[in-house]
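Each remark here refers to the structure printed beneath this line.
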Amino acid sequence: MIPDTLKQELNQRVAEAVTNREAAVDVMKALQRHYGWLTDEAVLEAAEILRLSPLQVEELATFYEMIYRRPVGRQVIHVCDSISCWSMGGETLLDRFAALLGIEPGATTPDGAFTLLPCCCLGNCGNAPAVMVGERQYGPVLPDDAEALLAELRNTPS
Ligand code: FES
């Protein structure tokens, strides 16, 4: 259960929105920050705050790639696999991250530090191949840059 202060903050966000759906991503992201991922409990809480059905929240959650409906690592590395990044070596970059982390794309490292996910266009095509971790964009990230970026992320509080 989320603290009352967070619930009040989110109710305020919904009250300020033109439609409840407009506030949905903010509400789901806030709950995700609290729980680490959008748990079933969080879906019910989001539904109550947004005055939507749990199914409607579920539909919204599955639409947004940055909302996680299963446990993820403390940091999620999104590697863009859309056309600009793919043409600039994004696939090789994803493979490099996977090799360095010792996991397949879509998986989480055994220590829970990282989840590696391919994703759609991050809107950073001019800096392809692009990567996003949390709210932060990186690019261009070349395969040879992957090890240094992981070292940086390991030293970054999640
Ligand atoms: S295609 Fe990768 S950021 Fe747009």
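The values are calculated or read from the model by the stated rules, or taken from the named source; none is laboratory data. Computed from a predicted model, the values in this text were never measured in an experiment. We place every Cβ from the backbone using ideal geometry, glycine too, and count neighbours over all the protein chains shown. For the accessible areas, the whole protein counts, side chains as well, though only heavy atoms, and no ligand, DNA or RNA atoms are used. Shrake-Rupley method; radii C 1.70, N 1.55, O 1.52, S 1.80 Å.
Figures for the structure shown
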{"item": "Sparse-neighbourhood loop sites, chymotrypsin sites (Phe, Trp or Tyr not before Pro) in segment 56-88 - DSSP loop, at most 16 other Cβ within 10 angstrom", "result": "64"}
{"item": "Mean separation of Cα contacts under 8 Å, 6 or more apart, over the residue count of the chain: relative contact order %", "result": "18"}
{"item": "Phi-based couplings in Hz for segment 110-121 (Karplus 6.51, -1.76, 1.60; Gly and Pro marked x)", "result": "x, 7, x, 6, 9, 10, 10, 10, x, 8, 6, 2"}
{"item": "Solvent exposure, largest accessible area first (probe 1.4 Å, DNA, RNA and ligands not counted), of 62, 109, 156", "result": "62, 156, 109"}
{"item": "Calculated SAXS-style log₁₀ I(q)/I(0) at q = 0.16, 0.26 Å⁻¹ - segment 1-84, Debye, Cα scatterers", "result": "-0.59, -1.31"}
{"item": "Dipole-positive endmost among 142, 89, 47 within the chain (Cβ charges, Cα centre)", "result": "47"}
{"item": "Centre separation in Å (Cα based) which lies between segment 67-125 and segment 1-43", "result": "26"}
{"item": "MRE, 222 nm, helices only [DSSP H, n ≥ 4, -39500 (n - 2.57), over the chain, to nearest 500]", "result": "-13500 deg cm²/dmol"}
{"item": "Apportionment of accessible area to carbon and sulfur, the chain, percent (1.4 Å)", "result": "54"}
{"item": "For the chain: accessible area per residue (Å², 1.4 Å)", "result": "54"}
{"item": "Unmatched cysteines, the chain - criterion: no other Cβ of a Cys under 4.7 angstrom", "result": "119, 120, 121, 125"}
{"item": "Over segment 75-154, relative contact order from alpha-carbon pairs under 8 Å, at least 6 apart, %", "result": "38"}
